[in-house]
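Right, one structure below, let's go through it.
What follows is calculated from the coordinates using simple rules that are stated; it is not laboratory data. Keep in mind the model is a prediction, meaning the values are calculated, not measured. Glycine also receives a Cβ, built like all others from the backbone with ideal geometry; neighbour counts cover every protein chain displayed.
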Amino acid sequence: MKLHQLKPAKGATHKEKRLGRGEASGHGGTSTKGNKGHQSRSGFKNKMAHEGGQMPIQRRIPKRGFKNPHRVAYKVFNLGQAEQLAGKYNISEFSLENLYINGLVSQTDKVKILGNGELKNKLVFKVNAVSGKAKTAIEAAGGTVEIVK
């Protein structure tokens, strides 16, 4: 076999559609674009969300509410969960670093402690936010709370 004898496999190639080259080509007349209308013209571009003149879905559906740009999203832990996690991971300081090391939060997460559940052990909390009920329960158990910004 030589280079000049190489050919593509049978059926692997086909003739290019030669549009607008007369009726004998099989693609003459309207050049496979149908009859009239915007899409048959040169320079046609299908605009995103265009529905052919019908009112687009993003304008048909009513809008409600808003997204608060100043919202702070916290990763929330209740006192009962904190107690369990401290026992499971053998930690006495419930800090952002310890939580990250144990795979409970990501580096950018903010952590808030809520007062649901009981706290029996003395724990040190170094978190971004604490509810009032949680703070009194932690201090009653002999622990301390430090707010980290």
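Please label the shape of the range 8-90 as rounded, prolate or oblate, based on the square roots a ≥ b ≥ c of the eigenvalues of the alpha-carbon gyration tensor (a/c under 1.5 means rounded; beyond that, a/b larger than b/c means prolate, else oblate). The partial results should precede the final answer.
On the way: a/c = 6.81, a/b = 2.23, b/c = 3.06.
Oblate, because a/c is 1.5 or more while a/b does not exceed b/c.
Quick one: compute the contact order of the range 74-147, relative version, from alpha carbon pairs under 8 angstrom and 6+ residues apart, as a percent. Numbers along the way, then the final one.
Numbers: 132 pairs, mean separation 24.7, N = 74.
Computed value for the range 74-147: 33 percent relative contact order.
Of Gly29, Leu3, Gly115, which is farthest along the charge dipole of the chain in the positive direction, counting Lys and Arg as +1 and Asp and Glu as -1 at C-beta?
Ranked along the dipole, the leading option is Gly29.
Modelled label-to-label distance, Ser40 and Thr108, 7 Å Cα→beta-carbon offset: nm?
Calculated label separation equals 5.2 nm.
Taking the Cα centre as origin and putting +1 on Lys and Arg beta-carbons and -1 on Asp and Glu beta-carbons, what dipole magnitude results for the chain, to the nearest 20 debye? Please list the in-between numbers first.
Numbers: 28 positive and 10 negative charges, 305 e Å.
Using Cβ point charges on Lys, Arg, Asp and Glu, the chain gives about 1460 debye.
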